[in-house]
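Heads up: the structure comes next, in structure tokens.
The values are calculated or read from the model by the stated rules, or taken from the named source; none is laboratory data. Because the structure is predicted, anything quoted here is derived from the model rather than measured. Backbone-built Cβ (ideal geometry, glycine too); neighbour counts: all protein chains shown. SASA here: full protein model, heavy atoms, side chains in, ligands and nucleic acids out. Shrake-Rupley method; radii C 1.70, N 1.55, O 1.52, S 1.80 Å.
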Amino acid sequence: MHPVRQATHATATTYLVVPVIPPVHDNPQGGHVPLPISVSLRLLRSFVAVSEECHVGRAAARLFVSQPSLSQDIRRLEREVGVQLFVRGARGMVLTPAGEELVRSVAAGLALVDRGVDAARRIAALDRHPMVLAFTPSVGNKLMPRLLPVIEERLAKVAIDEREVDTGEVGPGVRAGRYDAGLAHCPTAEQGLMFDLLVEEPLVVALAAHHPLASASEIHLAQLAEMALLIWPRETAPDYYDHLLWICEQAGIRPRLVRGPRRAMVRSYLLSDGTTFSLLPRSTATLRTPGLAFVPVADREVCVPLVFVRRAGDERTELVQIEEVAREVSAILADSC
């Protein structure tokens, strides 16, 4: 046994003040002062696109809008600015001198806006702490869908990058630094790692729905002595594999082994003939698989540990917080199963 330490899309309109070639009003101190106007960034981007394409149709195609809508936008901008920006002709649109002056300022302003948005996003991304969290298929059935929303709600500064891997990959991956932490049932023991027990999850027997024991309220493992055990190749998850065989031995049975795929439920049809069973975490019973029944095990303490794995000495606040949330959610799910 391995060491386990008990423990819809809406588009917002943004406005940019453009004090270039607007109508003017008299200044009591003398001269004229530009009158600022407020137009949307979308309108300004449309203006730049038409100035570059010199044709409303081509600009509309580039912007994925209709040509009449774009023509109306350009007229609206001219009304806002108070000057004619284009000379319309049979072959297209040509900027007026006023339009040439405006497009230089608008293009520079839009570039500044885009750079500002990119910078803000980079700062926001740096302000969050990315955490790569590995998890095994059995954990992904029920725990992960419940855990991730809670982490996002409570730990706003943590950005989880979840990775589904085989059970035997969790420990080596965390130790090598590919993952910051991992969640697994009975993961493989590794030097340099901490294994913190979250909960002991009871096992259930998976067998054909037409089997006589399928309707039982619970099954003693000794009742399965004549059946074969469907199990994954040992190299996929050696400690988990050995743990299940040890459980069978404690119950006094040594079932013939049917080695299936890396993930037992991928070929659940191998259970359909009524001569084969599998042992799975109770949370797996939430997966309604046609033709199968999931029956609790009557033997005492037939469980598999759900473990949080991290590197020894890695006490980052974010990791400790994730583990605390995982323990809380795991306990709630264990009580509700």
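Descriptive notes on the structure:
- Local charge for VAL106 was computed over the other residues whose Cβ lies under 14 Å away, with Lys and Arg +1 and Asp and Glu -1, and equals -4.
- Peptides 68-81, 165-178 ranked from most to least packed, by the mean per-residue count of other Cβ atoms within 10 Å: 165-178, 68-81.
- Local net charge near VAL132, Cβ-Cβ under 9 Å (Lys/Arg +1, Asp/Glu -1): -1
- Annotation: amide H-H contacts under 5 Å for ALA228 (H modelled 1.01 Å from N, sequence separation of 5 or more, or interchain): THR276, PHE277.
- For segment 44-174, the carbon plus sulfur part of the accessible surface works out to 54%, probe radius 1.4 Å.
- Each eigenvalue of the Cα gyration tensor of segment 185-256, multiplied by 5 and square-rooted, gives one semi-axis; in descending order these are 27, 14, 11 Å.
- Dipole size of segment 77-208 about its Cα centre, with +1 on Lys/Arg Cβ and -1 on Asp/Glu Cβ: approximately 580 debye, rounded to the nearest 20.
- With the whole protein complex present, ASP118 retains an accessible surface near 80 Å², based on a 1.4 Å probe.
- Heavy-atom accessible surface of segment 140-286, averaged per residue, reaches 45 Å², computed with a 1.4 Å probe.
- Net charge of the neighbourhood of VAL81, taken over other residues with C-beta under 15 Å away and scored Lys/Arg +1, Asp/Glu -1, is -1.
- Segment 125-170: trypsin sites (Lys or Arg not before Pro) in DSSP loop, at most 11 other beta carbons within 10 Å: LYS157
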